[in-house]
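The structure appears below as structure tokens.
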Amino acid sequence: MSLMVINDRAYLAHAPGNWPEGPHRLEAIWSMLQASGVEEALVYETPDPAGESDLELVHTPRHIERVRRLAEEGGGNLTLDTVVSPESYRTALLAAGGAMKATDLVLAGRARRAAALVRPPGHHATPDEGMGFCLFNNIAVAAAHARHRRGVKRILIVDWDLHHGNGTEAAFYGTDEVLFFSCHESPAYPGTGWVTDVGEGRGEGYTVNVPLPPGSGDAVYEEVFESVLAPIARAYGPEIILVSCGLDAHFADPLGRLRLTSAGYGRLAGIVTALADELCDGRVVFVLEGGYDPVGLGWSLASVFNVASGRGGPLTEPEDLRAGFAAVSGAPPAGTAASMAARERIAAVRSVQRTWWPV
């Protein structure tokens, strides 16, 4: 088995300057995929740019025009935390187009599993606003494309980024054709993703938020995926699974306080790919989101790709990276604040979601 990967050096052209999200992130990933040997299991394809009509499946013309004009005028701040450079608009079109192409390849049967190594990331971009380093919502555009252009009526989006995917949630909050599942740190940016945010109208019950406390770690995440995500996915019966593949929950990441390891990320990939094999003929697409420690990012994505490609199992980062961090894997010690808070959050999610799902 291999993994089809959408990849292009053109993604380096979005240059926000001295910023956590920058071209160095992809360079770190490429270096680690090669050094780890995972690259031998990957088949690369280049992206095609999305058009404005593709973006308009999710975004308002006003937002699209604002990003385009700011880039044409030489760049600047779209919001306090989101920068546009002169090449950002074209790069963002390639990012959304890369997610669309990976999805199309899987839906057409040209690849069983695929990934889009794109930037800028997307899951914070709402229909009318860019934020959190995100200009356009790549995974939401891909899902809307699959839904409106390819006739897919049951799409599961799994967002395991450290930060809640508020933009993706907003895009599909009122529909039952996309089930949005987000497991994220709380409290953390952007301050959304509460247990009681479950969708509205036809979409009621089709948003599942699992806000976890700092220090949760691998074992808590795996429990959530096995005891909450898996039964909901089986009841929903998705035709394809899309993963907002943020790697900023890694223990070395400077923007978060969760404690996932690269091996933990690999095990999450194993749970998701097994669900895809069981429920939708293996159709799964990973779309890169956050991850801001270059070493942790590289190891975590290599671990995900090693599992998703079928090359092998989860990968463990070197001991010298782990040496400076205590308790970087497993469950928080029983009786600690992190352990009790995690148990309470998971119980609250189950209590709310039992209205719709067998959890």
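The values are calculated or read from the model by the stated rules, or taken from the named source; none is laboratory data. These figures come from a predicted structure and were not determined experimentally. Every residue, glycine as well, gets a Cβ built from its backbone with ideal geometry; the counts of neighbours run over all protein chains shown.
Key figures
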{"read-out": "All positions within region 134-156 that are farther than 23 Å from Phe225 by Cβ, among the small types (Gly, Ala, Ser) and part of a helix (DSSP H, G or I)", "value": "Ala144"}
{"read-out": "Helices (runs of 4 or more DSSP H) contained in region 7-81 and holding at least 2 residues crowded, with 18+ Cβ neighbours inside 10 Å and touching a Leu at 6+ places or on another chain (Cβ under 7 Å)", "value": "24-36, 61-72"}
{"read-out": "Residue list for region 169-222, restricted to those being hydrophobic (A, V, I, L, M, F, W, C), farther than 18 Å from Leu242 by Cβ and surrounded by 24 or more Cβ atoms within 10 Å (Cβ to Cβ)", "value": "Leu212, Val220"}
{"read-out": "Qualifying residue in region 132-145 (condition: among the polar types (S, T, N, Q), crowded, with 22+ Cβ neighbours inside 10 Å and at pLDDT 95 or above)", "value": "yes"}
{"read-out": "Any hit, region 24-37, residues being within 23 Å of Ala114 (Cα to Cα), over 21 Å from the mean Cα position of the chain (by Cα), modelled with pLDDT of 95 or more and hydrophobic (A, V, I, L, M, F, W, C)", "value": "yes"}
{"read-out": "Lone unmet requirement of (1) hydroxyl-bearing (Ser, Thr, Tyr); (2) in contact with a strand residue (DSSP E or B) (Cβ under 9 Å, 6 or more places away or on another chain); (3) over 20 Å from Ser88 (Cα atoms) for Ser36", "value": "(2)"}
{"read-out": "Qualifying residue in region 275-288 (condition: touching a Phe, Trp or Tyr at 6+ places or on another chain (Cβ under 6 Å), among the basic types (Lys, Arg) and either surrounded by fewer than 24 Cβ atoms within 10 Å (Cβ to Cβ) or not in a helix (DSSP H, G or I) (or both))", "value": "no"}
